[in-house]
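Worksheet: the structure to be examined is printed underneath.
The values are calculated or read from the model by the stated rules, or taken from the named source; none is laboratory data. What you see is a predicted model; the values in this text were computed from it and never measured. Neighbour counts are summed over all protein chains in view; Cβ atoms, including those assigned to glycine, are modelled from backbone coordinates with ideal geometry. Only protein heavy atoms, including side chains, enter the accessible area calculation; ligands, DNA and RNA are left aside. Shrake-Rupley method; radii C 1.70, N 1.55, O 1.52, S 1.80 Å.
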Amino acid sequence: MQPNEVKALLESRVDGCEFHIQGEGCNFQVIAVGEAFEGLSPVKRQQLVYAALSDEIASGALHAISIKTFTPTQWSTASENAQ
């Protein structure tokens, strides 16, 4: 899979989030930013993103996925967002 394919899958399955994807093959790093994460524990945030990719993970199309999640407020001060 390509990063743009992973991004398209996530955007179609998780409402109200912005995704930044890096990686190749079946190994990807996902940064997800959205109001959907407000009030959720870190585990619940990751579960939300994993659930959106469960079919691809089960099929082996995606293997290693690193996920970081942020609310828009958190993202505005995150080191990953440094330009």
Margin query: Can you tell me the orientation of helix 42-52 relative to the chain, as the angle in degrees between its alpha-carbon axis and the longest Cα principal axis, to the nearest 10?
Written below: 40
Notebook entry, point to check: Assigning unit charges at the beta carbon (Lys, Arg +1; Asp, Glu -1) and nothing else, what dipole magnitude in debye, to the nearest 20, does the chain show about its Cα centre?
Noted result: 220
Notebook entry, point to check: By DSSP, what percent of the beta bridges with both residues in the range 1-76 are antiparallel, rounded to the nearest 5?
Noted result: 55
Item checked: Folded to 0 to 90 degrees: helix 3-13 orientation relative to the chain principal axis, Cα -> 70
Checklist line | Simple spin-label estimate for GLU18 and MET1 in nanometres, 7 Å along Cα-Cβ | finding: 2.2
Notebook entry, point to check: If we restrict to alpha carbons, what Rg and Dmax does the chain come to, in Å?
Noted result: 12.2, 36
Item checked: Apportionment of accessible area to carbon and sulfur, the chain, percent (1.4 Å) -> 50
Checklist line | Accessible area of the chain divided out per residue, in Å², using a probe of 1.4 angstrom | finding: 59
